[in-house]
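Worksheet: one structure, shown below.
The values are calculated or read from the model by the stated rules, or taken from the named source; none is laboratory data. All of these numbers come straight from a predicted model, not from anything done at the bench. Every residue, glycine among them, receives a Cβ derived from its backbone with ideal geometry; neighbour counts consider all protein chains shown. Accessible surface areas use protein heavy atoms only, side chains included; no ligands, DNA or RNA. Shrake-Rupley method; radii C 1.70, N 1.55, O 1.52, S 1.80 Å.
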Amino acid sequence: MRPEINPYSPGSGLNPPDLVGRQAEIDAFDLVVARSRGRRASRGIVLHGLRGVGKTVLLNRFLLQAENADWFTVEIEGSATDSGREVARHKLGRALLLAVRRLQRSKHFTEELKSALGTVKSFSLSLGVASVDFGFDQTKGRADSGKIEIDFEEVIEDLAPALQKASSAFGLFIDEMQDIDDELLSALLTAQHKAGQKGWPFYIFGAGLPSLPSVLSASRSYAERLFTYRQIGALDFSASREALLIPAGRLGVEYDVDAMSEILDASGGYPYFLQTYGQAAWDIADEKIIHLSDARSAIAEGNAALDMGFFPARWDRATPTERNYLRAMSADEESGSRTAVIAERLRVPTSALSTARQSLLEKGVVYSPERGRIAFTVPGMAAFIRRQHADTDGLE
Ligand SMILES: Nc1ncnc2c1ncn2[C@@H]1O[C@H](COP(=O)(O)OP(=O)(O)OP(=O)(O)O)[C@@H](O)[C@H]1O
Ligand SMILES: [Mg+2]
């Protein structure tokens with residue numbers, strides 16, 4: 001069928017045509033907004049899960065809900081690269097200034113808020129973000145100590161109560177939160193903790209890999225109590241069906257029962273795979289009904305697309321030694337491998353693998369579901385490696 005009206009949207013952070021199966025999370029966010037309106041305390045929300053399950057699009061949905069409620073919103077993203085530390089700070093400074101610009105235009109812009117903006121300006125300057133002229137001066141002696149933990153807390157202390165009086169709140173949205181460096185992370189957690197104690201409407205909403213809850217707890221022991229943690233996983237049967245049916249149905253296209261169950265089986269309910277197969281099925285089918293044969297070709301074509309993009313995006317970042325580690329893991333299924341077994345397979349002591357393991361953890365290719373175990377953060381990665389990279393490169 002005509003590709004130019006293909007409704008599916010496989011891709012990192014690409015909004016799906018219909019965000020299905022996440023009503024509980026959407027409601028949880030609405031509850032924070034409603035309680036904040038009544039000046040009642042809530043925890044922020046942390047979404048964690050494997051690659052491609054839809055954490056980013058859900059976090060973006062939260063952001064939209066916050067904007068609709070006239071919140072002061074700031075978005076940042078962690079990055080595991082060497083420059084990630086600077087980039088995250090810079091983004092925070094810039095995003096704060098952008099939020100200020102929006103605030104100045106809003107009907108909620110009060111005198112009290114105006115005076116809080118000087119603190120934001122000081123903070124942004126201390127992060128090295130050259131400030132555009134917003135027509136207000138930095139507040140000397142506020143948020144300019146150069147110690148991010150102190151400075152960020154002062155921003156919240158000045159801004160959040162003023163926002164509260166204007167019936168608004170401060171929402172900080174952090175994607176790939178496991179990659180925020182520890183200094184910035186602990187500053188943010190400290191501010192969230194303080195805000196909770198003081199009743200200031202400041203909330204962090206984070207998304208990241210399965211390692212995120214333990215990264216947060218390692219940074220601040222009270223992190224466990226700061227957030228509502230929600231594991232985001234594959235969609236259940238009925239939501240997976242809806243993810244395929246609803247977008248096609250709007251355009252008058254249906255699936256055969258067999259075709260539907262073939263795609264559902266192949267996808268395992270993973271949103272990224274559903275979008276990929278749905279897109280391929282749409283392009284392949286030449287009638288307004290997607291048949292079993294279309295579905296089978298779509299799965300083959302979709303897998304080829306995943307093998308070109310989704311999987312290599314992680315594989316290509318691994319060094320030859322790390323690839324051997326991943327190969328040794330690929331003999332096991334999604335539940336992961338015991339680290340001792342990987343060492344046995346590679347015929348080396350476990351300690352010889354600790355550098356490769358650590359580096360793969362930092363790159364976010366694997367995570368440790370429990371002590372002594374390691375698993376892929378990417379669903380289907382083990383099968384991809386068996387399919388495409390069973391042989392060693394001979395480079396190690
Ligand atoms: N609830 C959903 N219903 C249908 N499709 C979805 C849903 N959530 C996500 N998707 C689709 O799945 C794909 C992956 O989404 P997203 O990038 O948000 O995942 P992620 O968990 O952030 O992945 P990563 O860990 O790699 O950043 C996108 O193509 C998106 O459109
Ligand atoms: Mg994401």
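Below are the figures for this structure:
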| item | result |
| --- | --- |
| Mean-position separation - Cα centroids, the range 350-371 and the range 1-25, in angstrom | 33 |
| Residue-averaged [θ]222 nm for the chain, counting only DSSP H segments that reach four residues, each worth -39500 (n - 2.57) | -16500 deg cm²/dmol |
| Rounded to the nearest 10 Å², the accessible area of D307 at probe 1.4 Å | 20 |
| Cα-centre dipole for the chain with unit charges at Cβ (Lys and Arg positive, Asp and Glu negative), debye to 20 | 1280 |
| Once the Cα gyration tensor of the range 1-71 is diagonalised, semi-axes √(5λ) in Å | 29, 14, 9 |
| Computed Kirkwood radius, in angstrom, where 1/r is averaged over Cα pairs of the range 318-388 | 11.8 |
| Value of Rg/Rh across the range 187-273 [Cα atoms, Kirkwood radius] | 1.23 |
| Within the range 1-106, trypsin sites (Lys or Arg not before Pro) in DSSP loop having at most 15 other beta-carbon neighbours inside 10 Å | R39, R40 |
| Filter on K55/K140; K140/K363; K198/K363; K121/K194; K55/K194; K114/K363 - keep pairs with C-alpha separation over 31 Å | K55/K140; K140/K363; K198/K363; K114/K363 |
| Semi-axis lengths, Å, the chain, gyration tensor of Cα atoms, sqrt of 5 times eigenvalues | 40, 28, 17 |
| Binned Cα-Cα distance frequencies in the range 30-148 - 5 Å width, integer % | 2, 10, 16, 18, 20, 17, 12, 5, 1 |
| Rg/Rg_globular for the range 23-231, with Rg_globular taken as 2.2 N^0.38 Å and Rg from C-alpha atoms | 0.95 |
| Cα coordinate range in the range 93-145, projected on the principal axes (Å, largest first) | 31, 19, 14 |
| Beta bridge orientation in the chain: antiparallel %, DSSP, nearest 5 | 15 |
| Over 20 Å [Cα-Cα, the range 237-308], rounded percent | 15 |
| Area accessible to solvent at R386, 1.4 Å probe radius, in Å² | 100 |
| Proximal lysines to K107, defined as alpha-carbon separation beneath 16 angstrom and excluding residues fewer than eight positions away on the same chain | K165 |
